[in-house]
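I have placed the structure first, in the form of structure tokens, so that the comments after it can refer back to it.
Coordinate-derived values only; no laboratory data. Note that the structure is a prediction, hence the values are computed from the model and not measured. All Cβ positions, even for glycine, are placed from backbone atoms using ideal geometry, and neighbour counts span all protein chains on display.
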Amino acid sequence: MAERFNVGGVLLPRPFVIRRLGHFGINVDNSDRSLDFYTRLLGFRMSDPIDFGARIPVDERASYGSTSGYFLRHGTDHHSLVLFPRTVVDRLNPHYRTCPENTTNQITWQVGSLAEIVNGHDWFKNTDRKVLRAGRDVPGSNWHFYPPDPDGHVNELYYGIEQIGWSGRSKPLQVHQLRHERPPTLPFRSEYAEVNEAIANGTSLDSGNRGTDPAPETFDVDGVLLGRPFKVVKVGPIRLFVEDIDKAIAFYRDDLGLDVTQEVNYLGHRCVFFRANTEHHSLGVYPIALRAQLDLRQDTTLLSFGLQVATYTQLKAALQFLRSNGVQIKTLPSALFPGMDYQALAIDPDGHAIQLFYRMDQVGWDGQVRPDQAPIGPPDVWPDAVEPESDVYKGEVLLGPFN
Ligand SMILES: [Fe+2]
């Protein structure tokens, strides 16, 4: 019988369980331009900047333009979206860049405890699975380790990301000495004890960064005035083009432990969809040969990444708002997106496709998926209101107010 691991008293095939997609990152050509796009038009707040300039030799620095990366959030997680400067990341981490078309920065999964991170890291190392690095980083203060997929997309497993509350302030810089370059010896002190120490050392808890929103609050978003007519409530799903579907399954299903929800044969291309929890999928993998047949950026292995908005009405309003602000909106055949109905793609300044949607099928204990539905037309033929699916507004929910 295969080895099993005691995860909180439950015997499982791995010493960790991924609970959800926590955040996602892209490497971009101009991080300041992307920051403007994702904050002003999509409503993300900048939690903290990170300047990589000091890590680049002085005589090279001028050739890089902005060397800043940005951590953005839509809820209380310190970051749910990361924008890093592509040429700078490539210069500093050439060993990460096994595929020149990889513009994903990180695909980041939450596990259930610090023990799952430490034991999961040991399991990866002891079974000769590749890990790029491990420890704890700031900003964000989460413990983590980074396994790459067979195509070089960097995945991250983490526990304990910093939460940003009503004040909107991130942890003060003085607390950033929490960085570790390896997993801890367990047990480790709680975050509460760390904050107590910071207070005892005279750190002001109000001195962290507070992201701002310059847009006037002119839109009624289900009862809350906001600077745009919708609220992003969740990130994902991520869609990747890969060289070898079987190798991708071996990594995402067997190494990370994601469940395969469904496979789709699209014009002879085998596409596979994985879930971490009850969502139909948080990850889809597609053969790279399919890319040339789709009206998408042709030099990235990122097909799209999802941003879920809170309601159907908000989805319609979001597409109209983005279009009126000069953002290109596209649709692709719905057969590429099983488990979804109303969705469309908005193209960001780098040509990355952002998939906007408001609901996804939820999958229960028996793993059964909903039978195929009739295809949905483009947004301009969508009705003003729709009939409810049994699982509408179910699954992971936003905690806290629309901000
Ligand atoms: Fe991360």
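Brief remarks follow.
- Amide hydrogen proximity for R20: with H placed 1.01 Å from N in the peptide plane, the residues at 5 or more positions away or on another chain lying under 5 Å are Q110.
- In this simple spin-label approximation, E194 and S324 carry label points 7 Å from Cα along the Cα→Cβ vector, and these lie 4.3 nm apart.
- Separation of the V397 and Q368 label points, Cα + 7 Å toward Cβ, nm: 2.6
- Theoretical ellipticity at 222 nm over the chain - DSSP helices of four or more residues, -39500 (n - 2.57) apiece, nearest 500: -4000 deg cm²/dmol
- Trypsin sites (Lys or Arg not before Pro) restricted to DSSP loop in segment 315-403 with at most 15 other C-beta within 10 Å: K394
- Taking 0.36 nm per residue of separation and subtracting the current Cα-Cα distance, fully stretching the chain between D206 and R33 would add 59.4 nm.
- S63/M1 FRET efficiency (R0 41 Å; Cβ-Cβ; nearest 0.05): 0.10
- FRET efficiency, Y266 to R182 (Cβ-Cβ, R0 35 Å, nearest 0.05): 0.25
- Lys, Arg +1 and Asp, Glu -1 on Cβ, resulting dipole of the chain about Cα centre, debye, nearest 20: 500
- Under a 5 Å amide H cut-off, with hydrogens placed 1.01 Å from N, F5 pairs with L12, R14 among residues at least 5 apart or on other chains.
- Amide hydrogen neighbours beyond the local backbone of Q262, cut-off 5 Å, H modeled: F273
- Segment 12-212 - charge dipole about Cα centre, Lys and Arg +1 at Cβ, Asp and Glu -1, debye rounded to 20: 200
- Greater than 31 Å apart at Cα, pairs in K171/K231; K125/K394; K125/K231; K234/K330; K316/K394; K171/K247: K125/K394; K125/K231; K171/K247
- Near-label residues of segment 193-215 by backbone N, under 15 Å of a point 7 Å along Cα→Cβ of Q174: 194-209
- Cα gyration tensor category, rounded, prolate or oblate, for the chain with a/c compared to 1.5: rounded
- Loop GluC sites (Glu not before Pro), segment 214-308, which have at most 12 other Cβ atoms in a 10 Å radius of their Cβ (DSSP): E217
- FRET efficiency for the pair V131 and A292, taken as 1/(1 + (r/R0)^6) with r the Cβ-Cβ distance and R0 = 30 Å, rounds to 0.35.
- Computed from phi, the 3J(HN,Hα) profile of segment 343-349 under the Karplus parametrisation 6.51, -1.76, 1.60 (θ = phi - 60°) reads 7, 7, 10, 9, 9, 7, x Hz, with x in place of Gly and Pro.
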